[in-house]
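The values are calculated or read from the model by the stated rules, or taken from the named source; none is laboratory data. Nothing here was measured: the structure is a model prediction, and the numbers come from that model. Positions of Cβ are backbone-derived with ideal geometry, glycine not excepted, and every protein chain shown enters the neighbour counts. For the accessible areas, the whole protein counts, side chains as well, though only heavy atoms, and no ligand, DNA or RNA atoms are used. Shrake-Rupley method; radii C 1.70, N 1.55, O 1.52, S 1.80 Å.
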Number of protein chains: 2
Amino acid sequence: MARFRVTYRILAATPEEARERAEGIALEQTVEVPWDVVPEGPIRDRIVGQVESLEPAGGAFEAVISYDPDSAGHEILQLVNVIFGNSSMQAGIRVMGFAPGAEIARRFAGPRFGIAGLRALTGRATGGLIAPVIKPQGSSPAALARIAALCVEGGADIIKEDHGLADQPMAPFEARVRAVAEAVAEANARTGGRAVYIANVTGAGGDPVAQAHRAKELGATGVLLMPGLMGFGPVHALSRDEGFGLPIMTHPSFTGAFVLSPEFGIAHGVMYGVLQRLAGSDISVFPNVGGRFGFSAAECLEIAAACRGEGPGRPMLPSPGGGMSVERAADMATMYGQDVVYLLGGSLLRAGERIGEAVRAMRGSLEAAGG
Amino acid sequence: MARFRVTYRILAATPEEARERAEGIALEQTVEVPWDVVPEGPIRDRIVGQVESLEPAGGAFEAVISYDPDSAGHEILQLVNVIFGNSSMQAGIRVMGFAPGAEIARRFAGPRFGIAGLRALTGRATGGLIAPVIKPQGSSPAALARIAALCVEGGADIIKEDHGLADQPMAPFEARVRAVAEAVAEANARTGGRAVYIANVTGAGGDPVAQAHRAKELGATGVLLMPGLMGFGPVHALSRDEGFGLPIMTHPSFTGAFVLSPEFGIAHGVMYGVLQRLAGSDISVFPNVGGRFGFSAAECLEIAAACRGEGPGRPMLPSPGGGMSVERAADMATMYGQDVVYLLGGSLLRAGERIGEAVRAMRGSLEAAGG
């Protein structure tokens, strides 16, 4: 059976130490016992990870380790567990790449919609998609619905809820999603728009999948999930769920520690591109260069490339959050090209009742820049 | 309403910069908009985080920021989102402490069993609890059941499944849990033992809560959950679920990046003590000093103190994994005292059919050391 491959960057003083560490990962991520007690036969021959290559790389070493798809079974959670469960706790190991191979690619089919699907849904055949974020936390359902309607009137492609809107007393989940869904549908009907309303789903009762279905019943036409807070399980389950069938946007909340050090954790492109896509997300949000977070342009481009390049699964939309303005539209269009969802955050609220005009201005400057 | 408090370590060159960063966190973690667009009234007065104090601390600054319980609502996932969602992505911010205050302590009651509950269930009134881990991945249900039975005969308090046992073809979830549960029950009956069988639950179909209930139906008397891979939602849901009512052990898979740098992420005691307990875990697994991971004795003791000290909720059991042997029993007993669960991992398998004797020898050396 075609094995899947993970590339790890390993800190080590010598090639021998690097080899020892790589072989340690191969055991740690599978059988989790010392080599001498690994049973003979298929466990030793197939289940234990295999070090396929080991090369010096920029002051460290890069090891490719392959694993049997049956080590993961059919669950994304267990697949992530094999890729980097226990080894995440060892210093000086960073996941740099992932190649699913034919069998994992078959078991984990990736985004249901992807770039082409989202363009079809929104009717935005070319150019960047614009996604204002409705907030702030503490607002009433009516206030949030009003902002959403104005943004649809301004030509937004996606109405995204702030990831801090959960099930709080100021705007309980049911009342909020119902009100915003109605406002978006009504504004779409009035303007001939096709804006998708992406409701934030947390996980009342521990089950985000059930809450996503409830959001759909209430009128949401997409959902926002947070793999850092709920794992990739709900993304995978919903992306494969024929009875659900809505696009999924993933938000990076609580994932920062994975990427901040070059010496451990997970490379930006793998974290916000490969893993999101493997799980079945259609749109991956990450902090844009030039906003309130410290991601570099190179890191953002690495993420965008991982979202849109060769597999796993259909290409998905990168969604840089923050750092976007009418003034920066040309730069952003040059940087990201057309297949991108721009989140427009808090500064948009400065426009107040004229927020729709602000969305329209953004579209204008983006189109003028060819993005 | 009593606010909850989070202590952050903030890297900054000057007190002014530290103040600016702290105020940035207070906005980022709640309304996520610039201060000038925060609506007047309750959102500005209550929902936005408040910087309660800011002091220089060891070359950086320590800020205490308070939040309104309604910012979290009643969901652990949203509570974690407020504590450190987006700020996790900013360099130089580390969560050092958490104080629930009266309201969050009421909403999140913590472990159902805790130390006293686990002692009552297992009948181990004093001394450390011994928990062999059954593995390796790739073994058949019968082989795993056989190891479990031998460990019960040797006097194990807890039979813990390896966190790499999911729903793989070599040992599908249903067949495995049924076989191990029967073996543990039978060995308990034969020896008069009261060993708890903690089945590993991942999340087929995206819902670990449903799978935990299924494990119970199949005979498991406790469950292992992995918050790094599935979030804290399932822990919280199951700890409050009267119809479930089994102890919960949490495993640190995929959480390493949070603790490895002193400059960002989450302090060891908060990650493996406070948050686990807040969510409702009864036993928190972490990598022991002297094993294959690099945690220091001080970090392990910080975790143990957070598990057993003053709230949130009942004291829970710290569970150091790895690094335990007959030779080290005295040192471990001195280090951890009595309220601790020792995981005995892969090296135990070297004993083969005499694994029960190895468990008994561990008990002997632990008791001799007063632990």
What is the residue count in region B:256-266 for residues that are farther than 12 Å from B:GLY228 by Cβ and open to solvent by less than 10 Å² (accessible area, probe 1.4 Å)?
1
Given the options B:GLY92, B:GLY73, name the one that is at positive phi, small (Gly, Ala, Ser) and modelled with pLDDT under 95.
B:GLY73
Could you list all residues from region B:20-30 that are closer than 21 Å to A:VAL133 by Cα and outside any loop (DSSP other than H, G, I, E, B)?
B:GLY24, B:ILE25, B:ALA26, B:LEU27, B:GLU28
Members of region A:292-305 found to be surrounded by fewer than 18 Cβ atoms within 10 Å (Cβ to Cβ) and either of a type in the set (A, V, I, L, M) or at pLDDT below 95 (or both), listed by number
A:GLY294, A:ALA297, A:ALA298, A:LEU301, A:ALA305
Starting from region B:99-119, take each residue that is farther than 15 Å from B:SER319 by Cα and list its partners that are surrounded by 16 or more Cβ atoms within 10 Å (Cβ to Cβ) and of a type in the set (Phe, Trp, Tyr), counting only C-beta distances under 8 angstrom and pairs at least six apart or across chains.
B:ALA99/B:PHE4; B:PRO100/B:PHE4; B:PRO100/B:PHE108; B:GLY101/B:PHE4; B:GLU103/B:PHE4; B:ILE104/B:PHE4
Select from region B:31-48 the residues that are in contact with a Lys or Arg (Cβ under 9 Å, 6 or more places away or on another chain), part of a helix (DSSP H, G or I) and of a type in the set (A, V, I, L, M, F, W, C) and write down the one among them that is farthest from the other protein chains (Cβ to nearest Cβ).
B:TRP35
Here the residues within region A:336-369 that are part of a helix (DSSP H, G or I) and among the acidic types (Asp, Glu) are A:GLU353, A:GLU357, A:GLU367
Of the listed residues (B:ALA142, B:ALA183, B:ALA179), the one being in contact with a Pro (Cβ under 6 Å, 6 or more places away or on another chain), in a helix (DSSP H, G or I) and open to solvent by 10 Å² or more (accessible area, probe 1.4 Å) is B:ALA179
Tell me, which residue of region B:161-176 that is of a type in the set (A, V, I, L, M) and open to solvent by 10 Å² or more (accessible area, probe 1.4 Å) is farthest from the other protein chains (Cβ to nearest Cβ)?
B:ALA175
Scan region B:265-318 for residues that are within 14 Å of chain A (Cβ to nearest Cβ), in a loop (DSSP other than H, G, I, E, B) and among the hydrophobic types (A, V, I, L, M, F, W, C) and jot them down.
B:ALA267, B:VAL289, B:PHE293, B:PHE295
Looking at (1) more than 11 Å from every other protein chain (Cβ to nearest Cβ); (2) buried (at least 24 other Cβ atoms within 10 Å of the Cβ); (3) not basic (Lys, Arg), can you tell me which one A:VAL235 breaks?
(1)
Restricting region B:18-36 to residues that are within 17 Å of B:PHE264 (Cα to Cα) and of a type in the set (D, E, K, R), which is least open to solvent (accessible area, probe 1.4 Å)?
B:GLU28
Of all residues in region B:247-264, which are touching an Asp or Glu at 6+ places or on another chain (Cβ under 8 Å) and either assigned to a loop (DSSP other than H, G, I, E, B) or among the charged types (D, E, K, R) (or both)?
B:PRO247
Determine which member of the set B:SER284, B:SER347, B:SER325 is at pLDDT 95 or above and among the small types (Gly, Ala, Ser).
B:SER284
Which fully enclosed helices (runs of 4 or more DSSP H) of region B:61-132 have 3 or more residues being open to solvent by 20 Å² or more (accessible area, probe 1.4 Å)?
B:101-107, B:114-122
Please go through (1) within 14 Å of chain A (Cβ to nearest Cβ); (2) within 26 Å of the chain's Cα centre (by Cα) for B:ILE158 and return the number of the only condition it doesn't satisfy.
(1)
Name the residues in region A:238-259 that are farther than 19 Å from A:PRO318 by Cα and more than 11 Å from chain B (Cβ to nearest Cβ), would you?
A:GLU242, A:GLY243, A:GLY245
